[in-house]
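Some notes on the structure that comes next.
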Amino acid sequence: MAFVRIVAVLALSSVVACGGTTASEPSPEPTEVPQPPARVCGPPMRGPDCAEDEYCDFELDAICGANDRTGVCRPRPTACPSGGSPVCGCNDQTFPSACEAHRFGVAVQGHGACGPPI
């Protein structure tokens, strides 16, 4: 009888120690909210681009949609933390940070200030 109790206690301890639940405890429900699929923007998708409160976010290697590369519509930030590193926007203007460029609806083409026009 003592052997059965020891085995039962060890089994229960291993379930609880591993973060599991016992049969008497309900499993927690996932709290993840599904996100809507991202909308594609930029060339060649020159129909309706992003909404007024969004910007078209390109990967850095997409060079702001050059060669028909596309981006993804993302919400514009309404405020940005102070500080950050300057970036060159796809409009060839320097912004104090990527967040500030995105706040003005501009994607980033590179890190650092924009160079002189070529």
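The values are calculated or read from the model by the stated rules, or taken from the named source; none is laboratory data. This one's a predicted model, so the numbers in the text were calculated from it and none came from an experiment. Backbone-built Cβ (ideal geometry, glycine too); neighbour counts: all protein chains shown.
Per-structure values
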| read-out | value |
| --- | --- |
| Given (1) within 18 Å of the chain's Cα centre (by Cα); (2) surrounded by 13 or more Cβ atoms within 10 Å (Cβ to Cβ); (3) in a loop (DSSP other than H, G, I, E, B), number of the condition Cys114 does not satisfy | (1) |
| Within the range 30-54, tally of residues that are surrounded by 10 or more Cβ atoms within 10 Å (Cβ to Cβ), among the aliphatic types (A, V, I, L, M), at pLDDT 60 or above and part of a loop (DSSP other than H, G, I, E, B) | 2 |
